[in-house]
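Let me begin by presenting the structure, written as structure tokens, before commenting on it.
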Amino acid sequence: IIFIPSVVLANPFIPERTKTEADTELGWLVAPLPINVEGIGSTVPIAGIFSNIYKTTDLLFVAPFIKGNIEAKVFSVYKLPIVKESLFFTVLYNEYLIGFRNYDRGIDSGKKDYYQTLEKMDSTTYRMQAQFFDQRIEFQLGYSFGKANVEKIFDVDGNYFSNIQSSERNWVDNIVGTQIDLTDNHFDPHQGLRLGLLHSSTNYGPEFLSDYSVNDLNASLYVPFFENHTLLFNFFQSQSQVTSTGLIDQTSLTEQMNLGCDLETESSKCKTSESRRVQYWLKRNKLGKASALGGLNRMRSYSFNRFFAKNSVNYTFEYRLNFSEKTTPINWIFLGGVKSVLQTAFFYEAGGVSDDISTLNKNLRTSYGVGFRAIISGLIYRFDLAAGDEGIAPTLFINYPLSLGALGT
């Protein structure tokens, strides 16, 4: 274990690292951040991101700006150096009043097979990252805890129900991960291989909810194409395992999680949402939940956490076309730093989920589209427009997709 990294990293097939001074320059983005949750509400907080504010340290905050009927507050100090640019500390605090869609389990669930929750939640995460050999080898330990209270449950038609049993839950997550980065550039690779493994275990309260662990594997191959372009092939697989079983009897779980539908005006519609909620947690108690597909990171044309089951898999092909690698200072009021890359990316994704791993690849959904990105002072700004069989979805986010949890993000 001690000598393997030195032997591997000395191999001639591993590309030399390239660096850009712009990646260590101060950068910033301060702007309103409109948030809209369909059927629930909207708000406009102010968001601020400052990269390399102290050595490698990034600072993030989201604070109230224009009050709405949902809320978002975030504060994060990311990669504060502790030991000579090798050991880093991250802290993240979130506080939300926001909605989440909970879809039916499996790859065959329909676009409208969901119920929505309006939840008041907060969570805190602490993480230590150790990076060696010019960020080629990384280890990570994380600990997070949080709680949530479901204030309302909405059906697909916008009806809401508030007589919720077992509205509160809490959790503790323990995370351990590692990444081997045999590429030519940590921020924007043109060639090489990157492999990441991430293990997380979640302990839930109340006791009738199962505890489970999740193992994620992510492998990315970067191949130079023409003079400045890159072909990316990415493979991701996730598997969950129940570690402590909660209630798996439907009648008992219904007693714990009913919506008090006899007290609601729309009793029959309430019963439908109640059944959907109970089935969601019943199957999750029995089989766990692997990392879901849909949203910013994988299967970008689908809603956040659109597809999930005990196992998930995702394949991505991406053609990254660099049309500018000229270093250019930017000093706008809301955006600043040093731009080092402008890039267009064309991507195609296929993904599937299944409780039976033998059928994981039998019914894959697809997503394809185009993305535009800029690297400014070590932050990667990206806009993607993706299409799939449920429509077109635009996403705007910071840092590359296809990262494995916090590894490489």
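The values are calculated or read from the model by the stated rules, or taken from the named source; none is laboratory data. Just so you know, these numbers come straight off a predicted model, no measurement behind them. Counting neighbours? That spans all protein chains shown, and the Cβs are built from the backbone with ideal geometry, glycine included. All accessible areas refer to the heavy atoms of the entire protein, side chains included, with ligands and DNA or RNA removed. Shrake-Rupley method; radii C 1.70, N 1.55, O 1.52, S 1.80 Å.
For residue 231 and residue 243 in one chain, what is 0.36 nm times their gap in residues minus the Cα-Cα distance, to one decimal in nm?
Taking 0.36 nm per residue and subtracting the Cα distance, the gain is 0.4 nm.
Normalised by the empirical 2.2 N^0.38 Å for globular proteins, what value does the Cα Rg of segment 167-326 take? Kindly include the intermediate steps, with their values, before the conclusion.
Details: Rg = 21.0 Å, N = 160, 2.2 N^0.38 = 15.1 Å.
Scaled against compact globular proteins, the figure is 1.39.
Just the accessible area per residue of the chain, please: how many Å² with a 1.4 Å probe?
Value for the chain: 48 Å² per residue.
Percent relative contact order of the chain, based on C-alpha pairs within less than 8 angstrom and at least six residues apart?
Values: 1125 pairs, mean separation 53.3, N = 409.
Normalised by residue count, the contact order of the chain is 13 percent.
From the square roots a ≥ b ≥ c of the eigenvalues of the alpha-carbon gyration tensor of segment 50-120, which class results: rounded (a/c under 1.5), prolate (a/b over b/c), or oblate? Don't jump to the answer; show the numbers that get you there.
Working: a/c = 3.98, a/b = 1.85, b/c = 2.15.
Judged from the Cα gyration tensor, segment 50-120 comes out oblate (a/c at least 1.5, b/c at or above a/b).
Just going by the charge dipole of the chain, with Lys and Arg at +1 and Asp and Glu at -1 on Cβ, which of 282, 260, 118 is farthest out on the positive end?
Looking along the dipole axis, the top candidate is 118.
From the Cα gyration tensor of segment 151-201, with a ≥ b ≥ c the square roots of its eigenvalues, which class applies: rounded if a/c is under 1.5, or else prolate if a/b is larger than b/c, or else oblate?
In terms of gyration-tensor shape, oblate.
Using 5 Å bins from zero, what percent of all Cα-Cα pairs in segment 211-275 falls into each bin?
4, 12, 11, 10, 9, 9, 9, 9, 7, 7, 6, 5, 2, 0
Quick check on segment 89-224: take the gyration tensor over C-alpha atoms, sort the square-rooted eigenvalues as a ≥ b ≥ c, and tell me if it's rounded (a/c under 1.5), prolate or oblate.
Numbers: a/c = 2.64, a/b = 1.81, b/c = 1.46.
Prolate shape, in that a/c is at least 1.5 and a/b is the bigger ratio.
So which of 152/271; 111/286; 112/269; 73/120; 67/112; 152/269 end up more than 19 Å apart by C-alpha?
Check vs 19 Å cut-off fails for 111/286; 67/112.
With every protein chain left in place and a probe of 1.4 Å, what is the accessible surface of residue 157, to the nearest 10 Å²?
Residue 157 exposes around 110 Å² with every protein chain in place.
Would any residue of segment 285-305 have its amide N under 17 Å from a label point 7 Å out along Cα→Cβ of residue 111? List them or say none.
Inside the label zone: 294-295, 300-305.
From the backbone phi of segment 52-60, what are the Karplus-calculated ³J(HN,Hα) couplings (6.51 cos²θ - 1.76 cosθ + 1.60, θ = phi - 60°) in whole Hz, Gly and Pro given as x?
My calculation for segment 52-60 gives 6, 5, 9, 6, 8, 7, 10, 10, 10 Hz in order.
If I model a spin label at residue 275 and residue 170 as a point 7 Å from the Cα along the Cα→Cβ vector, what separation in nanometres do I get?
3.5 nm
Considering amide H positions built from the backbone, and no H for Pro or chain starts, which residues 5 or more places from residue 183, or on another chain, come under 5 Å of its amide H?
Distant-sequence amide H within range of residue 183: 193.
Looking only at trypsin sites (Lys or Arg not before Pro) in DSSP loops with at most 13 other Cβ atoms within 10 Å, what is the longest site-free stretch of the chain?
113-325
To the nearest 10 square angstrom, what accessible area does residue 376 show with a 1.4 Å probe?
Estimated to the nearest 10 Å², residue 376 gives 10 Å².
For segment 1-141, give the magnitude of the charge dipole about the Cα centre (Cβ charges: +1 Lys/Arg, -1 Asp/Glu; no others), in debye to the nearest 20.
120 debye
Defining a contact as two alpha carbons under 8 Å apart and six or more residues distant in sequence, what relative contact order in percent does segment 1-146 show?
14 percent
Could you state the principal axis extents of the C-alpha atoms in segment 82-134, from the largest down, to the nearest angstrom?
Cα extents, longest axis first: 51, 28, 11 Å.
So which lysines can residue 79 reach, going by Cα to Cα under 20 Å and dropping same-chain residues fewer than 8 places off?
In chain and number order, the partners are 19, 55.
Assign unit charges at the C-beta atoms only (+1 for Lys and Arg, -1 for Asp and Glu), then state the dipole size of the chain relative to its Cα centre in Debye, rounded to the nearest 20.
In total the dipole reaches around 220 debye.
Only Cα pairs within less than 10 Å get springs; with that Gaussian network setup on the chain, which residue of 133, 75, 304 has the largest fluctuation?
Of 133, 75, 304, the Gaussian network model singles out 133 as fluctuating most.
Can you send over the carbon and sulfur percentage of the accessible area for the chain, probe radius 1.4 Å, protein chains only?
Carbon plus sulfur share of accessible area: 60 percent.
Could you give the length gained on full extension between residue 361 and residue 38, defined as 0.36 nm per residue of separation minus the Cα-Cα distance, in nm?
Between residue 361 and residue 38, full extension yields 113.1 nm more.
Using the Karplus curve 6.51 cos²θ - 1.76 cosθ + 1.60 with θ = phi - 60°, work out ³J(HN,Hα) for each residue of segment 285-291 in order, rounded to whole Hz, and write x for Gly and Pro.
Each residue of segment 285-291 in turn: 5, 6, 10, x, 8, 6, 4 Hz.
Of the residues 14, 70, 375, which exhibits the maximal mean-square fluctuation in a Gaussian network model of the chain defined by a 10 Å Cα contact cut-off?
14
Could you derive backbone 3J(HN,Hα) for segment 295-309 from the dihedral phi with the Karplus parameters 6.51, -1.76 and 1.60 (θ = phi - 60°), listing whole Hz in sequence and x where the residue is Gly or Pro?
Using θ = phi - 60°, the values come out as x, 5, 9, 9, 6, 6, 8, 10, 4, 4, 6, 5, 10, 8, 5 Hz.
Below 8 Å, C-alpha to C-alpha, sequence gap of six or more: please give me the relative contact order for segment 70-120 in percent.
Relative contact order for segment 70-120 comes out at 33 percent.
5 Å is the cut-off here: which amide hydrogens, built 1.01 Å from N in the peptide plane, fall below it relative to residue 291, excluding neighbours closer than 5 in sequence?
It is 239, by chain and number.
Residue 89: accessible area at probe 1.4 Å, nearest 10 Å²?
60 Å²
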